[in-house]
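Here is the structure we will look at.
The values are calculated or read from the model by the stated rules, or taken from the named source; none is laboratory data. Keep in mind that this is a model prediction, so the values were computed, not measured. Reconstructed Cβ throughout: ideal geometry from the backbone, glycine too, with neighbour counts over all protein chains shown. Quick note on the areas: whole protein, heavy atoms, side chains included, nothing else; ligands and nucleic acids left out. Shrake-Rupley method; radii C 1.70, N 1.55, O 1.52, S 1.80 Å.
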Amino acid sequence: MSADRFYSGSPSATWDTEELREEFPILSREAYGKPLVYLDNAASAQKPLAVIDAMKNAMEHSYANVHRGLHLLSNEATSAYEAARQTAAAFLNAGSPDEIIFTSGGTDAVNLVAYAMGVSEIGEGDEIILSVMEHHSNIVPWHFLRERKGAVLKWLDVSDDGEIDLEAYRALFTAKTKLVAVTHMSNVLGAATPAKEMTRIAHEHGAKIFFDGCQGAVHGKVDVADIGCDFYAMTGHKLYGPTGVGVLYGRTGALKSLPPFKGGGEMIDQVTMENVTYNDPPHRFEAGTPPILEAIGLGAALQWMQEKGVDAIAFHEAGLRAHALEDMAKLNFVRVYGRAHGKAPIIAFNVEGAHPHDVSAILDRTGVAVRAGHHCAQPLMKRLGVSATARASFAAYNTHEDVEALIRGLHKTREMLS
Ligand SMILES: Cc1ncc(COP(=O)(O)O)c(C=O)c1O
């Protein structure tokens with residue numbers, strides 16, 4: 001799957017955006033007496049009724065703890081929780097639901113892999129390849145291995161647009177490379193990485209590969225079987241689902257050799273006063289009461305995305321991205337970061353002479369919600385030569401009027417700050 005193919009193509013389904021917006025109750029509220037224009041989707045997406053209702057229904061009618069119970073409610077809750085695992089497996093085209101681990105989010109998924117590989121596979125002098133456009137969630141857990149185990153972090157540069165040079169990537173491998181941990185999509189530049197090619201090169205060198213799909217899974221079809229990766233992480237709340245839940249996909253062979261991350265109930269086989277043996281994956285990695293309601297909500301969100309068509313969402317978003325990039329290019333006081341071909345609708349920008357926090361505060365007063373800051377990507381900010389940017393990011397429910405509201409807001413920002 002090349003970065004371009006990730007986002008292009010014709011959708012298998014289309015929908016009426018106005019009708020789709022009605023499925024999101026929050027979109028009918030106002031901000032400061034103006035219609036809400038929510039463009040902070042890369043931070044967290046809003047939730048459709050399908051998700052709200054699934055969680056409410058579970059709480060009202062079928063709630064109990066999972067797995068342990070032998071009573072009706074526990075069995076119903078267990079079925080719903082395990083059905084969500086199947087939905088996540090189908091969403092990613094995993095080989096089996098046993099390859100799906102529910103975590104508390106994307107960050108938790110990275111920490112799981114880092115901790116477990118630090119115990120079993122990565123030691124003093126072993127090398128981990130990261131790109132400079134990683135989110136801190138996919139940097140700091142690897143720094144832990146550097147600090148605690150003496151692992152060596154090797155950094156892959158990217159172009160100004162967030163594109164990867166596969167030859168430069170290949171050149172980073174040595175006999176000591178144990179793992180590549182890279183994003184499937186930058187949360188700042190919106191560029192997708194060539195996952196299949198990167199996986200092939202990692203495997204040729206005997207290294208495993210982990211993809212941070214917290215953004216990548218939101219904006220295009222992900223097929224982990226086709227990519228061939230060892231691990232793939234995603235986070236529920238950016239996928240129109242709830243907070244507090246994420247997914248770690250692990251290839252069966254890769255999970256089998258991993259020791260547990262957290263200890264507690266459910267992850268064991270036998271516990272005695274002298275010893276402990278562990279459950280098989282995925283339960284080995286789900287210690288304690290899992291995020292039952294959140295997983296049910298995430299299952300509903302992934303089903304909702306599949307019903308709308310992941311490719312149809314990407315197609316709709318590509319129209320918004322093109323509109324926004326074209327209109328922003330006409331503003332000689334706005335600088336956009338990241339114009340990779342086929343990128344996702346995540347647009348980082350700065351307004352000449354203005355701090356991004358002020359830009360975001362003024363846009364907010366016009367009803368337009370964007371994010372400003374380093375976006376948990378300080379190495380990328382350094383690479384781009386900025387300390388912060390503003391970021392507008394679009395989702396399935398955004399409209400071309402939302403793009404126009406952003407452009408009007410940018411003119412207003414210019415008026416107020418010059
Ligand atoms: C690329 C990327 N990775 C990881 C994360 C962390 O996800 P979470 O905060 O849900 O754990 C984010 C969230 O902003 C992200 O954009």
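Of the listed requirements (1) farther than 24 Å from residue 122 by Cβ; (2) free of Cβ contacts under 8 Å to residues at least 24 places away in the same chain, residue 279 misses just one: (1). Which of the residues that make up segment 108-125 are within 16 Å of the ligand (Cβ to nearest atom) and open to solvent by 20 Å² or more (accessible area, probe 1.4 Å)? If the condition is that a residue be within 16 Å of the ligand (Cβ to nearest atom) and open to solvent by 20 Å² or more (accessible area, probe 1.4 Å), then 108, 111, 115 are the ones that fit.
Counting just the residues of segment 326-359 that are within 25 Å of the chain's Cα centre (by Cα) and in a loop (DSSP other than H, G, I, E, B), which one comes out surrounded by the fewest Cβ atoms within 10 Å (Cβ to Cβ)? Among those that are within 25 Å of the chain's Cα centre (by Cα) and in a loop (DSSP other than H, G, I, E, B), it is 341.
Beta carbons closer than 7 Å, at least 6 apart along the sequence or on distinct chains, pair a first residue in segment 78-100 that is of a type in the set (Phe, Trp, Tyr) with a second that is open to solvent by 30 Å² or more (accessible area, probe 1.4 Å) for 91/306.
The residue of segment 42-58 that is nearest to the ligand (Cβ to nearest atom), among those that are under 15 Å from residue 242 (Cβ atoms) and in a loop (DSSP other than H, G, I, E, B), is 43. Here is the figure for segment 306-325: residues that are open to solvent by less than 30 Å² (accessible area, probe 1.4 Å), touching a residue at least 24 places away in the same chain (Cβ under 8 Å) and touching a strand residue (DSSP E or B) at 6+ places or on another chain (Cβ under 8 Å) total 1. Taking the criterion of being away from the ligand (no atom under 16 Å from the Cβ) and outside any helix (DSSP H, G or I), the residues of segment 225-236 that qualify are 228, 230.
For every residue, the table says whether it meets (1) over 11 Å from residue 102 (Cα atoms); (2) within 16 Å of the ligand (Cβ to nearest atom).
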{"position": "238", "(1), (2)": "yes, yes"}
{"position": "256", "(1), (2)": "yes, no"}
{"position": "269", "(1), (2)": "yes, no"}
{"position": "295", "(1), (2)": "no, yes"}
{"position": "303", "(1), (2)": "yes, no"}
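Does residue 222 satisfy being assigned to a strand (DSSP E or B), touching a Leu at 6+ places or on another chain (Cβ under 8 Å), open to solvent by less than 30 Å² (accessible area, probe 1.4 Å) and not hydroxyl-bearing (Ser, Thr, Tyr)? Answer is no for this residue. (1) in contact with a helix residue (DSSP H, G or I) (Cβ under 9 Å, 6 or more places away or on another chain); (2) within 13 Å of residue 258 (Cβ to Cβ): which one isn't true of residue 121, the others all being true? If we test residue 121 against (1) in contact with a helix residue (DSSP H, G or I) (Cβ under 9 Å, 6 or more places away or on another chain); (2) within 13 Å of residue 258 (Cβ to Cβ), just (1) comes out false. Just so you know, in segment 126-171 the residues that are in a loop (DSSP other than H, G, I, E, B), under 23 Å from residue 206 (Cβ atoms) and within 22 Å of the chain's Cα centre (by Cα) include one that is nearest to the ligand (Cβ to nearest atom), and it is 134.
Could you give every pair whose Cβ atoms fall below 6 Å, whose first residue belongs to segment 155-170 and is at pLDDT 95 or above, and whose second residue is open to solvent by 80 Å² or more (accessible area, probe 1.4 Å), counting only separations of at least 6 or pairs across chains? Sorted first by the residue in segment 155-170, then by its partner, the pairs are 161/339.
For segment 380-418, taking the residues that are part of a helix (DSSP H, G or I) and within 21 Å of the chain's Cα centre (by Cα), the one that is surrounded by the fewest Cβ atoms within 10 Å (Cβ to Cβ) is identified as 381.
Under the condition of being open to solvent by 20 Å² or more (accessible area, probe 1.4 Å), within 16 Å of the ligand (Cβ to nearest atom) and in a helix (DSSP H, G or I), the residues counted in segment 95-107 number 1. Could you tell me whether any residue of segment 76-90 is surrounded by 20 or more Cβ atoms within 10 Å (Cβ to Cβ) and within 16 Å of the ligand (Cβ to nearest atom)? Within segment 76-90, one or more residues are surrounded by 20 or more Cβ atoms within 10 Å (Cβ to Cβ) and within 16 Å of the ligand (Cβ to nearest atom). Within segment 28-75, the set of residues being under 30 Å from residue 324 (Cα atoms) and open to solvent by 50 Å² or more (accessible area, probe 1.4 Å) comprises 28, 29, 30, 32, 33, 34, 35, 47, 49.
The set of residues in segment 240-254 being open to solvent by less than 30 Å² (accessible area, probe 1.4 Å), part of a loop (DSSP other than H, G, I, E, B) and either away from the ligand (no atom under 15 Å from the Cβ) or at negative phi (or both) consists of 241, 242, 245.
Does segment 181-219 hold any residues that are in a helix (DSSP H, G or I) and open to solvent by 10 Å² or more (accessible area, probe 1.4 Å), and which are they? Please lay out each step first, then the result.
First, the residues of segment 181-219 that are in a helix (DSSP H, G or I): 195-204.
Matches in segment 181-219: 196, 197, 200, 203, 204.
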